[in-house]
Amino acid sequence: MARWSLFVVAFLAFLAPCSFSGGQQGGEPPPSASRPDRTTGVTQVLSIGGATIEVEIAAGSLDVQPSQILSWIERAARAVTIYYGRFAVQRVRVRVVTDSGQDDSIHGTTWGNVGGFQGVTRMRLGRHVTERDLADDWTMTHEFVHMAFSSLPDNQSWMEERLATYVEPIARAQAGQLPVRQVWADTILGMSQGQPKRGDLGLDQTRSWGRTYWGGAMFCLVADVEIRRKTENRKGLQDALRAIVASGGTIDKEWPLLKVLDIGDKATGTTVLVDMYNQWKDKPTTVDLENLWVQLGIRRSGTDGVELAPRAPLSTIRDAITTRP
Ligand SMILES: [Zn+2]
């Protein structure tokens with residue numbers, strides 16, 4: 001009976017595997033919400049953005065204190081609440097476990113629809129993760145962004161990753177947790193890895209790491225700029241994503257991708273998302289990134305920094321992207 005229950009949970013749960021260092025966590029079973037857990041005694045409920053976030057810190061020997069872990073989760077929850085105008089789902093669980101094989105790594109995996117929770121995230125912290133590591137971390141925010149988009153079939157899961165990769169730094173910048181220049185410096189550095197390579201069959205068919213994360217993020221940036229150009233900077237991708245959340249297109253649902261994109265398009269009064277998806281899904285689409293940076297007024301500076309030009313053709317669009325609405 002217990003095994004059957006676990007099977008049902010695993011079958012119904014939707015997985016958003018994430019691991020920046022490339023460790024494959026797909027297929028990992030979700031944590032059972034009903035299983036008794038050994039804890040340090042720290043199980044706390046955070047109420048943020050309309051969500052109830054149950055945080056459980058499992059037994060283990062971490063250098064950081066539970067209060068520091070709670071602050072880190074709270075910060076990430078506030079960033080996504082600012083971006084989406086609310087936390088995407090209402091019932092959330094975050095389980096923090098010690099990753100005994102790693103010293104200072106932070107890995108996250110998120111599932112939808114597990115044991116009565118709409119979103120469940122497991123964070124694996126290396127034993128020697130520091131408070132500084134938590135302050136610099138992006139993964140917790142990334143996992144929460146996953147909760148704000150419908151679960152998709154495997155060949156379209158790049159869309160889940162692309163959104164999380166694109167939205168996470170912008171959400172942190174809007175929350176004042178990441179300098180705007182850092183957002184663009186990292187974007188310039190990373191996005192060239194998203195260009196299609198020889199033999200690419202479009203985003204639905206190409207599963208390389210670079211294309212999944214950065215190819216998708218490139219799709220998002222181009223879509224954001226396009227929406228803003230077409231609406232004279234009155235609407236952006238953020239409006240589309242807020243509408244999708246408001247319509248219930250969150251991780252606990254499995255909706256057809258075109259239905260989700262159509263909701264986003266209606267919110268901006270454009271057809272940018274559906275049109276772009278139809279163009280990018282099964283053919284390699286190379287973006288003239290160098291020209292895009294010129295248009296947006298983003299210039300490389302030093303080894304890994306940028307300067308932001310105040311009067312480039314699209315500098316108002318660039319600024320609107322990272323400005324809290
Ligand atoms: Zn992810």
Exercise for review: Could you pull out the residue among THR285, THR270 that is more than 23 Å from the chain's Cα centre (by Cα), surrounded by 13 or more Cβ atoms within 10 Å (Cβ to Cβ) and closer than 23 Å to ALA240 by Cα?
Suggested key: THR270
Review point. Is it the case that some residue within the range 189-209 is touching a residue at least 12 places away in the same chain (Cβ under 8 Å), hydrophobic (A, V, I, L, M, F, W, C), away from the ligand (no atom under 16 Å from the Cβ) and surrounded by fewer than 21 Cβ atoms within 10 Å (Cβ to Cβ)?
Key: yes
Revision key, fill the gap. (1) touching a helix residue (DSSP H, G or I) at 6+ places or on another chain (Cβ under 6 Å); (2) modelled with pLDDT of 95 or more all hold for LEU152 apart from (2)
Point to revise | Test for ARG242: is it modelled with pLDDT of 80 or more, surrounded by fewer than 24 Cβ atoms within 10 Å (Cβ to Cβ), in a helix (DSSP H, G or I) and not aliphatic (A, V, I, L, M) | key: yes
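Residues are listed down the side, and each one gets a yes or a no for (1) modelled with pLDDT of 95 or more; (2) not hydroxyl-bearing (Ser, Thr, Tyr); (3) not assigned by TED's automatic domain parsing to the domain that holds GLN118:
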{"residue": "ARG162", "(1), (2), (3)": "no, yes, yes"}
{"residue": "ILE170", "(1), (2), (3)": "yes, yes, yes"}
{"residue": "ILE188", "(1), (2), (3)": "no, yes, yes"}
{"residue": "GLN195", "(1), (2), (3)": "no, yes, yes"}
{"residue": "SER208", "(1), (2), (3)": "no, no, yes"}
Revision key, fill the gap. Checked against (1) closer than 30 Å to ASN113 by Cβ; (2) surrounded by 17 or more Cβ atoms within 10 Å (Cβ to Cβ), ALA320 satisfies every condition except (1)
Revision key, fill the gap. A careful count of residues in the range 260-289 that are part of a helix (DSSP H, G or I) and either touching a Leu at 6+ places or on another chain (Cβ under 7 Å) or touching a residue at least 40 places away in the same chain (Cβ under 8 Å) (or both) gives 12
Point to revise | Positions within the range 93-128 being touching a helix residue (DSSP H, G or I) at 6+ places or on another chain (Cβ under 9 Å), away from the ligand (no atom under 16 Å from the Cβ) and not small (Gly, Ala, Ser), in sequence order | key: VAL96, ASP104, ASN113, VAL114, LEU125
Review point. Before we move on, is PHE87 within 12 Å of the ligand (Cβ to nearest atom) and either assigned to a loop (DSSP other than H, G, I, E, B) or more than 15 Å from the chain's Cα centre (by Cα) (or both)?
Key: no
Point to revise | Residue satisfying condition, being of a type in the set (Gly, Ala, Ser) and in a loop (DSSP other than H, G, I, E, B), within set GLY101, GLY119, GLY112, GLY108 | key: GLY101
**Study point:** Lone qualifier among ARG122, ARG86, ARG127 - being among the charged types (D, E, K, R) and under 20 Å from GLU161 (Cβ atoms)
**Key:** ARG122
Revision key, fill the gap. Here the qualifying pairs (Cβ atoms under 6 Å; residues six or more apart or on different chains; first in the range 135-163 and small (Gly, Ala, Ser); second part of a helix (DSSP H, G or I) and away from the ligand (no atom under 14 Å from the Cβ)) come out as ALA148/TYR84; ALA148/VAL245; SER150/VAL260
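The values are calculated or read from the model by the stated rules, or taken from the named source; none is laboratory data. Since the structure is predicted, the reported quantities are computational estimates derived from the model, not experimental observations. Here the Cβ is made from the backbone with ideal geometry for all residues, glycine too, and neighbour counts use every protein chain on show.
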